[in-house]
1. Hey, any hits in segment 326-344 for a residue that's assigned by TED's automatic domain parsing to the domain that holds L196, within 16 Å of ligand 1 (Cβ to nearest atom) and assigned to a loop (DSSP other than H, G, I, E, B)?
2. Got at least one residue in segment 180-199 being of a type outside the set (F, W, Y), within 14 Å of ligand 2 (Cβ to nearest atom), in contact (Cβ under 8 Å) with a residue 12 or more places away in the chain and outside the structural domain of F53 (by TED's automatic domain parsing)?
3. With the condition kept exactly as written, say whether any residue in segment 107-122 is outside the structural domain of N55 (by TED's automatic domain parsing), at pLDDT 95 or above and under 12 Å from the mean Cα position of the chain (by Cα).
4. Just wondering, is there one or more residues in segment 228-237 that are surrounded by 15 or more Cβ atoms within 10 Å (Cβ to Cβ), farther than 16 Å from L171 by Cβ and hydrophobic (A, V, I, L, M, F, W, C)?
5. For residues that are more than 25 Å from S317 (Cα to Cα) and of a type in the set (V, I, T), scanning just segment 165-209, find the one that is modelled with the highest pLDDT.
6. Go through segment 213-227 residue by residue and tally those that are more than 22 Å from L357 (Cβ to Cβ) and either within 12 Å of ligand 2 (Cβ to nearest atom) or buried (at least 23 other Cβ atoms within 10 Å of the Cβ) (or both).
7. Does S132 fit the bill of being out of contact with any His (no Cβ under 7 Å at 6 or more places or on another chain), within 16 Å of ligand 1 (Cβ to nearest atom), in a loop (DSSP other than H, G, I, E, B) and small (G, A, S)?
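The values are calculated or read from the model by the stated rules, or taken from the named source; none is laboratory data. Note that the structure is a prediction, hence the values are computed from the model and not measured. Please note: Cβ atoms are built from the backbone with ideal geometry, for glycine as well, and neighbour counts cover all protein chains shown.
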Amino acid sequence: MTSGFGRVRPVEEKKLDENGADGIPARGPVATLRRIAFLMERQREETRRIEAFRNAARTILPLPEEEVRRRAEEGTLTELTGIGPSTAAVITDACRGIVPERLVKLEATSGPLAAGGEDLRALLRGDLHSHSDWSDGGSPLEEMAMTAMELGHDYLVLTDHSPRLRVANGLSAERLARQLGVVDAVNEHLGGSFTLLKGIEVDILDDGSLDQTPEMLGRLDVRVASVHSKLRMDSAPMTRRMIGAVRDPHTNVLGHCTGRLVTGGRGTRPQSEFDARAVFTACAEEGVAVEINSRPERRDPPTRLLELARDLGCLFSIDSDAHAPGQLDMLDHGAARATEAGIDPDRIVNTWERDRLLAWASSRL
Ligand SMILES: [Zn+2]
Ligand SMILES: [Zn+2]
């Protein structure tokens, strides 16, 4: 486990709390580094800068507390691989029970990421779309699970990419099978109240089939199907392609349906062209959820399509599509959009408790 919680003992916590700045609880060094990384990620700061904090947390996690304290006092933390001057300063403050200035500033940004969706956000029990470093995410799957727990989720579906998405290090059937074993081990360790669910973000191939073997798809709890290639295909074949995927009984969620990018480091990209009425009608008939992708650079589907899917009776799933732990908090954006569109919370599958969700996800198999 790469988490830092549980390392601060109650006695120490009391001592630290007295020194907390502006009501911010002082934490141990690992928890402080993780909190800084989390808050930077939800603000969409640059991944490389954030990784410095996560790497430093990983470096000191296995060390005895006494050694970390001694090195902090002697100024020798930077001798350790993965710790530089700024992370050493954070660790030193944390060892002394001081909330680092950097964290004080970040905590000021820790409120909801979007206004208007707070009530719906509070109803969300989990997240159906997330990535780990098994594909193109930045963190180990157990770190994603830990952060989802800290956010109060009951479940997180791990949905790394499928084989054909080579740029994202998509998982072959063999690697996926191995990942499922790791997920089982993590769940045993977590012990019951939270579940890391088995999933995939499976590519929708040109002919509408799914990019993973039916045998492997059948072993998963939840399957998100998305278009990642040939986004500029003509409307008629794109419509056939998407409906083909929606009709596949393995598909539970239609991921970021238009593929558009509205802002962000990867630039912008127009939405794919397809007959949205036909695709959403198929979703409604099959009980496939239309994803409300919460990433600010996607805002997918656009409002007009979101309202069309609402009027056609579709189910929805508000997903973070997180590629790093802090991005799991982006559900705020999707919740605000769903609220604005007046979508009934009971039609949003991740307001459901885990067993209802699992029954729905396997209902066509
Ligand atoms: Zn995707
Ligand atoms: Zn994704």
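1. No, the conditions are met nowhere in segment 326-344.
2. So the first thing to find is which residues in segment 180-199 are of a type outside the set (F, W, Y), and the list is 180-193, 195-199.
Narrowing further to those that are within 14 Å of ligand 2 (Cβ to nearest atom): 199.
Narrowing further to those that are in contact (Cβ under 8 Å) with a residue 12 or more places away in the chain: 199.
If we keep only those that are outside the structural domain of F53 (by TED's automatic domain parsing) too, we end up with 199.
Yes, segment 180-199 contains a residue that is of a type outside the set (F, W, Y), within 14 Å of ligand 2 (Cβ to nearest atom), in contact (Cβ under 8 Å) with a residue 12 or more places away in the chain and outside the structural domain of F53 (by TED's automatic domain parsing).
3. no
4. For segment 228-237, residues surrounded by 15 or more Cβ atoms within 10 Å (Cβ to Cβ), farther than 16 Å from L171 by Cβ and hydrophobic (A, V, I, L, M, F, W, C): present.
5. Going through the qualifying residues, I end up with V182.
6. So the count comes out to 1.
7. yes
This table checks each residue for (1) closer than 22 Å to L357 by Cα; (2) out of contact with any helix residue (DSSP H, G or I) (no Cβ under 7 Å at 6 or more places or on another chain).
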{"site": "R125", "(1), (2)": "yes, no"}
{"site": "H131", "(1), (2)": "yes, yes"}
{"site": "S135", "(1), (2)": "no, no"}
{"site": "A148", "(1), (2)": "yes, no"}
{"site": "L158", "(1), (2)": "yes, no"}
